[in-house]
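Every number here is computed from the coordinates shown, using simple stated rules; none is lab data. Small disclaimer: the values here were computed from a predicted structure and weren't measured. Counting neighbours? That spans all protein chains shown, and the Cβs are built from the backbone with ideal geometry, glycine included.
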């Protein structure tokens, strides 16, 4: 299986950073198994359809400023039939652009890592009279949109039991669903050296360290969180990752000049080191950050859900003893003070109900379903 090189096309949309990160995690696992050709294409941008081709920018803007629009779209389109109708309309305008992408890629198989691209892949495969398999990798943990269940894929890989049940509810046959775990990049699985990473980051080696992130878009009122955490957890040091939120990055650097207890970063590609250097991770309920922290073995404080699709993740974290839910910075500070004083029971570093080898398992599934796989 590893000796036969395969060409795998990963279809995503850069709405947030999670879909590309998931694809990159699977690619890293695939390349540990052989010299496979892996390409990532933002298929919504490639459609050249107004609105869809700006989907990443629209998502980022709405996530930070008008979240109700994201939620409105989620609710109004949350049925398999609605997504089928939308896909058909998009396909009529986008087919020459999609066909060009697929013809150039010449994949042995396609992996959908975004709920709105599966239908476009299926239509193109039929139209081009191709036979390569299509595998959908679900990247939401609990609250799935119906588009994840778009018919036509050969397999649907679910990260949790909750996701398995949601796919069944939307009509995906049980025989096509595999509980695979979430695709976390293999680099998060390495044994972390906390002191080494703290030295690399230039932070104190012996202070309780908080990592605060708002995901790829830097969502949430992070400026208030930084202010309160600095004031009420003065014994801690704080690493802040602002993601693509350049306005937030500028404000934090303007209002908080460099200090020994605060480190402000923009978009970070070394989150595994930042998490390993930290004692606790404060984040919105994004599935990627949650599962990365679980893999590194760091407890979470979840601040809230950015969009309906993240809403179920809060209970998932709490019920599986992976961390805590604190809706306000003041509540988070109280929890941190309890933790540093040894007044809390802690969290489960290992949980048999939360698989953390998703990327490796998904890579094996992909290669096992590739044409002519050994």
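By the beta-carbon count within 10 Å of each Cβ, the least crowded to most crowded order of 21, 311, 82, 180, fewest first, is 82, 311, 21, 180. For the pair region 173-213 and region 3-26, the centres of their Cα atoms are 19 angstrom apart.
Projected onto planes of every orientation and averaged, the convex hull of the alpha-carbon atoms in region 191-340 covers 8.0 nm².
Over region 69-204, calculate the relative contact order: mean separation of alpha carbon pairs under 8 Å at least 6 apart, over the residue count, as a percent.
Details: 171 pairs, mean separation 27.4, N = 136.
Relative contact order of region 69-204: 20 percent.
For helix 246-255, what angle does its Cα long axis make with the longest principal axis of the chain, in degrees from 0 to 90 and rounded to 10? Roughly 10 degrees, rounded to the nearest 10.
Multiplying the residue separation of residue 334 and residue 127 by 0.36 nm and subtracting their alpha-carbon distance yields 68.7 nm.
The stretch between residue 267 and residue 235, if pulled fully straight at 0.36 nm per residue, gains 8.9 nm over its current Cα-Cα span. Taking the C-alpha atoms only, the angle from helix 67-76 to the longest principal axis of the chain is near 30 degrees.
Among beta bridges from DSSP that stay inside region 191-340, the antiparallel ones total about 5%. A straight line joining the Cα centroids of region 128-160 and region 261-294 runs 28 Å.
Here the contact order of the chain, divided by its residue count and restricted to Cα pairs under 8 Å and six or more residues apart, works out to 18 percent. Under a Gaussian network description of the chain, with springs only between Cα atoms under 10 Å, the residue in 25, 276, 341 that fluctuates furthest is 341. Using 0.36 nm per residue and subtracting the Cα-Cα separation, the extra length available between residue 311 and residue 66 on full extension is 86.5 nm. Of the beta bridges in the chain, as assigned by DSSP with both residues counted there, near 5 percent are antiparallel. Can you compute the label reach from residue 84? Point 7 Å from Cα along the Cβ direction, backbone N cut-off under 16 Å, restricted to region 161-185. Answer for region 161-185: 169-173. Each of 267, 10, 74 has some number of other Cβ atoms within 10 Å of its Cβ, and from fewest to most they run 267, 74, 10. Just checking the listed ones, 269, 91, 42: in the Gaussian network model of the chain with Cα springs under 10 Å, the one fluctuating most is 269.
According to the Kirkwood expression over distinct Cα-Cα pairs, how big is the hydrodynamic radius of region 1-115, in Å? Please list the in-between numbers first.
Details: mean 1/r = 0.0641 Å⁻¹.
Kirkwood hydrodynamic radius for region 1-115: 15.6 Å.
As a proxy for reagent exposure, ranking 67, 141 by other Cβ atoms within 10 Å from fewest up yields 67, 141. Of the residues 323, 181, 189, the one that moves most in a GNM of the chain with alpha-carbon contacts below 10 Å is 189.
The angle separating the long axis of helix 222-232 from the principal Cα axis of greatest extent in the chain is about 30 degrees. Using R0 = 30 Å, the C-beta based FRET efficiency linking residue 5 and residue 154 works out to 0.90.
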